[in-house]
Amino acid sequence: MAHWLFKSEPFKWSWDMQVAAGAEGTFWNGVRNHLAKQNMMKMKIGDTGFFYHSNEGKEIVGIVEVIREYYPDHTDETGKFVMVDIKAVRPLPRAVSLAEIKQVPELQTMSLLTSARLSVQPVTDGEWDVILKRAGA
DNA sequence: GCCAACGTTGGC
DNA sequence: GCCAACGTTGGC
């Protein structure tokens with residue numbers, strides 16, 4: 001079971017909107033980066049991920065689950081990119097901010113710090129556990 | 001609003 | 001196929 005991190009600007013697509021989408025979830029479209037695409041192609045149903053608010057908030061606010069594996073992104077006219085479906089699982093009891101992550105030695109290798117602009121990132125089991133613990137989950 | 005990082009494009 | 005120019009992302 002792999003873990004991931006999905007980044008979204010809350011005024012475009014927020015955690016609240018993801019929660020409102022319910023158990024049916026939504027497609028995660030609009031990714032136009034090949035590394036992010038490759039990450040999405042590795043995702044399996046049941047994989048879990050963090051939902052991160054970029055720009056405003058700059059914190060991990062919730063946990064999502066992959067409910068459909070990759071298929072063509074219909075909003076991509078070049079036909080090269082893909083998307084997956086995800087659903088909200090639960091919010092974190094306490095959001096974990098970027099500023100906090102920067103201060104945790106075990107999290108210095110996170111893609112969030114090393115590949116700041118990548119919108120879909122892998123999260124290791126170790127990083128996953130450390131963040132869950134800090135979130136009180 | 002600025003700017004660094006970095007991915008993409010396009011001329012050669 | 002290289003690399004400079006350009007555009008975009010996202011933290012500050």
Checking A:T114 against (1) within 16 Å of A:E127 (Cβ to Cβ); (2) within 14 Å of DNA strand B (Cβ to nearest atom); (3) touching a helix residue (DSSP H, G or I) at 6+ places or on another chain (Cβ under 8 Å), only one condition comes out false. Which one?
(3)
Can you pull out the residues in segment A:81-93 that are over 15 Å from the mean Cα position of the chain (by Cα) and either within 16 Å of DNA strand C (Cβ to nearest atom) or surrounded by 14 or more Cβ atoms within 10 Å (Cβ to Cβ) (or both)?
A:F81, A:V82
In segment A:55-65, is there at least one residue being among the acidic types (D, E) and touching a helix residue (DSSP H, G or I) at 6+ places or on another chain (Cβ under 8 Å)?
yes
Output the number of the condition that A:V64 fails; it satisfies all remaining conditions of (1) under 27 Å from A:A99 (Cβ atoms); (2) of a type in the set (A, V, I, L, M, F, W, C); (3) touching a residue at least 60 places away in the same chain (Cβ under 8 Å).
(3)
Is it the case that A:V64 is within 15 Å of DNA strand C (Cβ to nearest atom) and either crowded, with 17+ Cβ neighbours inside 10 Å or within 14 Å of the chain's Cα centre (by Cα) (or both)?
no
Filtering segment A:38-74 down to residues that are among the hydroxyl-bearing types (S, T, Y) and not in a loop (DSSP other than H, G, I, E, B), which residue is farthest from A:G136 (Cα to Cα)?
A:Y71
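Taking into account only those residues within segment A:19-37 that are more than 16 Å from DNA strand C (Cβ to nearest atom) and assigned to a helix (DSSP H, G or I), which is surrounded by the most Cβ atoms within 10 Å (Cβ to Cβ)? Write out each step before concluding.
Taking segment A:19-37 and keeping what is more than 16 Å from DNA strand C (Cβ to nearest atom), we get A:19-27.
Keeping just the survivors that are assigned to a helix (DSSP H, G or I) gives A:19-20, A:22-24.
Details: A:V19: 17, A:A20: 10, A:G22: 10, A:A23: 9, A:E24: 8.
Going through the qualifying residues, I end up with A:V19.
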Look at A:F81 and say whether it is under 16 Å from A:W4 (Cα atoms), in contact with a helix residue (DSSP H, G or I) (Cβ under 9 Å, 6 or more places away or on another chain) and not charged (D, E, K, R).
no
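Bear in mind these aren't lab numbers, they're just calculated from the coordinates by the rules spelled out. Predicted model, so just to flag it, every value in this text is computed and none were measured. Quick reminder, even Gly has a Cβ in these numbers, built from the backbone with ideal geometry, and neighbours come from all protein chains shown.
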